Amino acid sequence: MYARILIPLDGSKIGESALPHVEELVYKVTPGLKVEVTLYQVVSSLVHEVVAGGVSVRVPYTEKEMEQIKEKTMDYLDKAGEGLRSKGAIVKCKVGVGSAAEEIIKAADEINADLIAMSTHGRSGLSRWAFGSITDRVLRGANVPVVVVRAAREAEKT
């Protein structure tokens, strides 16, 4: 069965849509089995905009700023894992830096995941083309099964 599950999160309610499904999987489908769930977030923006005198400049984050971003991200992931812990899962948190889809696939390989469970924003047409689809790239590139949960309409509004 699924002993190691990777759940990529992006910090949004939509991104968290897969969590209840994995909680149920851990609680109902795999009782007695210790399931290790890794909550994973990728920091993909390594620069920020600084505006001065009407001019906008892209400035790379300093090492200190990146460490603060990673700490804040780890706090978020730790809190997001509370429900999984209450169902008996062993929860690990991990932060990556780079291209989201590539880093998710790489993390799944690194932790030897049996399953990737992630949500999708459910974009289609021009919107999907313009923004791309991390979920789609993970589906096509992952070496393990991927469960995709479409976000509820309520999550899309928050």
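The values are calculated or read from the model by the stated rules, or taken from the named source; none is laboratory data. It should be emphasised that the depicted structure is a prediction, and the values quoted were computed from it without experimental measurement. Cβ placement follows ideal geometry from the backbone for every residue including glycine, while neighbour counts extend to all protein chains displayed.
Taken over segment 34-89, residues that are in a strand (DSSP E or B), under 20 Å from residue 107 (Cβ atoms) and not hydroxyl-bearing (Ser, Thr, Tyr) amount to 6. Contact map, segment 59-88: first residue farther than 25 Å from residue 24 by Cβ, second residue surrounded by fewer than 15 Cβ atoms within 10 Å (Cβ to Cβ) and among the hydroxyl-bearing types (Ser, Thr, Tyr), Cβ cut-off under 9 Å, separation 6 or more or different chains; pairs are 61/45.
Is segment 74-94 home to any residue that is exposed (fewer than 15 other Cβ atoms within 10 Å of the Cβ) and β-branched (Val, Ile, Thr)?
In the first step, residues of segment 74-94 are kept if they are exposed (fewer than 15 other Cβ atoms within 10 Å of the Cβ); the result is 75, 78-79, 82, 85-86.
Retained after the next criterion (residues that are β-branched (Val, Ile, Thr)): none.
Within segment 74-94, none of the residues are exposed (fewer than 15 other Cβ atoms within 10 Å of the Cβ) and β-branched (Val, Ile, Thr).
Out of 120, 158, 135, report the one residue that is modelled with pLDDT under 90 and in contact with a helix residue (DSSP H, G or I) (Cβ under 8 Å, 6 or more places away or on another chain).
None of the others qualify; the one that does is 120.
For first residues located in segment 36-54 and charged (D, E, K, R), partners that are buried (at least 17 other Cβ atoms within 10 Å of the Cβ) and lie 6+ apart or on another chain with Cβ distances below 7 Å form the pairs 36/4. Go through segment 16-33 and give me each residue that's among the hydroxyl-bearing types (Ser, Thr, Tyr) and either at pLDDT 85 or above or assigned to a loop (DSSP other than H, G, I, E, B) (or both). Correct list: 17, 30.
Residue count for segment 138-151 under the criterion of being touching a His at 6+ places or on another chain (Cβ under 8 Å) and either at pLDDT 85 or above or in a helix (DSSP H, G or I) (or both): the result is 2. If you go through segment 4-15 and pick out every residue that is touching a Gly at 6+ places or on another chain (Cβ under 8 Å) and part of a loop (DSSP other than H, G, I, E, B), you end up with 1.
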